[in-house]
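*Asks:* Would you mind keeping the following structure in view while I ask a few things?
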């Protein structure tokens, strides 16, 4: 079955985001709860909750090291 290129790239992007999210979660050992990576304007917005600013920074660096997308905003809530 033929799929238009836009659909194929969207599906591969979603798979890529899922894989990146799983990679970040594994690097953080559960330090960030409810982690979400949202694609916005060719970059990512990080969302979730954590207890430390260090874990928030680790999440951002893990995404940056993957090098797939730039980080537009880190909205991980520290409480």
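The values are calculated or read from the model by the stated rules, or taken from the named source; none is laboratory data. Since the model is a prediction, treat every value here as computed from it, not as a measurement. Virtual Cβ from ideal backbone geometry, glycine too; neighbours counted across all protein chains shown.
Let's see how each residue does on (1) touching a strand residue (DSSP E or B) at 6+ places or on another chain (Cβ under 9 Å); (2) at pLDDT 90 or above; (3) surrounded by 11 or more Cβ atoms within 10 Å (Cβ to Cβ):
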position	(1), (2), (3)
10	no, no, yes
17	yes, no, yes
39	yes, yes, yes
75	yes, yes, yes
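*Asks:* Still on this structure, I have one more. How many residues does the range 36-79 hold that are in a strand (DSSP E or B), without any contact (Cβ under 8 Å) to a residue 40 or more places away in the chain and either under 18 Å from residue 13 (Cβ atoms) or touching a helix residue (DSSP H, G or I) at 6+ places or on another chain (Cβ under 9 Å) (or both)?
*Replies:* Counting residues in the range 36-79 that are in a strand (DSSP E or B), without any contact (Cβ under 8 Å) to a residue 40 or more places away in the chain and either under 18 Å from residue 13 (Cβ atoms) or touching a helix residue (DSSP H, G or I) at 6+ places or on another chain (Cβ under 9 Å) (or both) gives 18.
*Asks:* State all residues of the range 41-57 that are crowded, with 18+ Cβ neighbours inside 10 Å and modelled with pLDDT under 95; if no residue qualifies, say none.
*Replies:* The one that is crowded, with 18+ Cβ neighbours inside 10 Å and modelled with pLDDT under 95: 44.
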